[in-house]
Amino acid sequence: MSLAHGSLVYEGKAKRVFRTDHHDEFLVQFKDDVTAFNSKKHEKFETKGSLNCQISALIFKFLEDNGIPTHFIDLRNDCWMLVQKVEVIPIEIVIRNIAYGSLCKETPLEIGSELAHPLMDLYYKDDSLGDPLLTDARLDLLSLVSSSQKKKIRSLALEVNNFLKIFFTGIDLVLVDFKLEMGFNNRGELLVADEISPDTCRIWDAKSENCQDRILDKDRFRKDLGGMIEGYEEVLRRIKKSL
Ligand code: TMP
Ligand code: ASP
């Protein structure tokens, strides 16, 4: 179902953002498109948008209830979310609890090994450059954020990780790693933005021993495992049951 909305502000790979009557509120529509490897792989899965919108809404609400500022205002229907307008910082903030994905391709760390402390990796958000990993020096060079903003980003991202890890553990899910985006609202406050969903998190079923069966996130699509929608449905089912 579509909603009354203003003009399109931005269309990304998985979402469209629209203006509303209110100058500091946007409507976000979650799309059924799924992409991987910088869009080299692209498919549509019916209900994917709605699953991610609902999962994100519940997670944002959970974080808000725990004092974490997010852009989330309200779920408008299964695929549409009302959010605060934010100036998104062009940085993808990745927090890792378990070594997997690019971390294991780029370091000798063994797949699945638990990290002693959560690791924060920052990537420059630019598809034309392939979202490259940023060093501290390059972050300074590009003046993307000040050092005090970087500290705030780091502490907010780690707080999100702490709350989500505990929440997920309670519903037998393992939070392997995830990507956050953040931005500043009109009052200059730093908020968690974008989405938090199985598109942007690696989530494993703690009850499964099998290293393929346990995957409930977009890796099912990246690795051609099938059952991606069923994985997302299971994540939503467990979150709904616990709240
Ligand atoms: P990576 O291991 O491929 O670097 O991915 C780390 C986490 O970030 C993983 O949970 C998936 C998520 N992610 C995105 O949300 N968008 C992206 O474009 C990429 C590359 C990863
Ligand atoms: N979101 C990214 C893309 O399409 C990559 C990924 O999530 O694997 O291109």
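The values are calculated or read from the model by the stated rules, or taken from the named source; none is laboratory data. Owing to the predicted nature of the structure, the values given are computational and were not obtained by experimental measurement. Counting neighbours? That spans all protein chains shown, and the Cβs are built from the backbone with ideal geometry, glycine included. Calculation scope for accessible area: heavy atoms of the full protein, side chains included, ligands and nucleic acids excluded. Shrake-Rupley method; radii C 1.70, N 1.55, O 1.52, S 1.80 Å.
In this structure CYS53 has an accessible area near 0 Å², from a 1.4 Å probe over the protein heavy atoms. In the elastic network of the chain, a GNM with C-alpha springs shorter than 10 Å, the most mobile of LEU158, LEU144, LEU173 is LEU144. Note on ARG19 and SER113: the extension gain reaches 29.5 nm, defined as 0.36 nm multiplied by sequence separation minus the Cα-Cα distance.
Can you give the local net charge around ASP205? Use residues other than it whose beta-carbon is closer than 13 angstrom to its beta-carbon, Lys and Arg +1, Asp and Glu -1.
-2
Go ahead and run the numbers for FRET between LYS151 and GLU11, Cβ-Cβ distance against an R0 of 25 Å, rounding to 0.05.
Here the calculated transfer efficiency is 0.15.
As a fraction of the 1.4 Å probe accessible area of the range 117-243, surface on carbon and sulfur atoms comes out at 49 percent. Looking at the range 6-140, the accessible area is 52 square angstrom per residue; that uses a 1.4 Å probe and ignores ligands, DNA and RNA.
Computed from the C-beta positions of ASP126 and LYS241 and an R0 of 41 Å, the FRET efficiency is 0.60 to the nearest 0.05. Taking GLY112, GLY101, GLY12 as the candidate residues, the one with maximal mean-square fluctuation in a Gaussian network model of the chain, Cα springs under 10 Å, is GLY12. Considering only ASP213, ASP172, ASP136, the mean-square fluctuation computed in a Gaussian network model of the chain, springs between alpha carbons under 10 angstrom, is largest for ASP136.
Evaluated with a Cβ-only charge set (Lys, Arg +1; Asp, Glu -1), the chain carries a dipole of roughly 60 debye about its Cα centre, given to the nearest 20. Surface composition of the range 20-90: carbon plus sulfur atoms hold 48% of the accessible area, using a 1.4 angstrom probe and ignoring ligands, DNA and RNA. The magnitude of the dipole of the range 75-180, with charges of +1 and -1 set on the Cβ of Lys/Arg and Asp/Glu and taken from the Cα centre, is near 380 debye. Each label point was placed 7 Å from the Cα along the Cα-to-Cβ direction; for GLN212 and CYS104 their separation is 1.4 nm. Normalising the average separation of contacting C-alpha pairs (under 8 angstrom, six or more residues apart) by the number of residues puts the relative contact order of the chain at 18 percent. Taken over the range 1-118, the alpha-carbon convex hull comes to 147 cubic angstrom per residue.
Only protein heavy atoms count here; on that basis, with a 1.4 Å probe, ASP177 has an accessible area of about 10 Å². Once the C-beta distance of LYS165 and ARG222 is scaled by a Förster radius of 22 Å, the resulting FRET efficiency is 0.45 to the nearest 0.05. Charge dipole of the range 201-243 (Cα centre as origin; +1 on each Lys and Arg Cβ, -1 on each Asp and Glu Cβ, all else neutral): 200 debye, rounded to the nearest 20. Here's how it looks for ARG76: its modeled amide H is under 5 Å from those of MET81, LEU82, which are all 5 or more places away or on a different chain.
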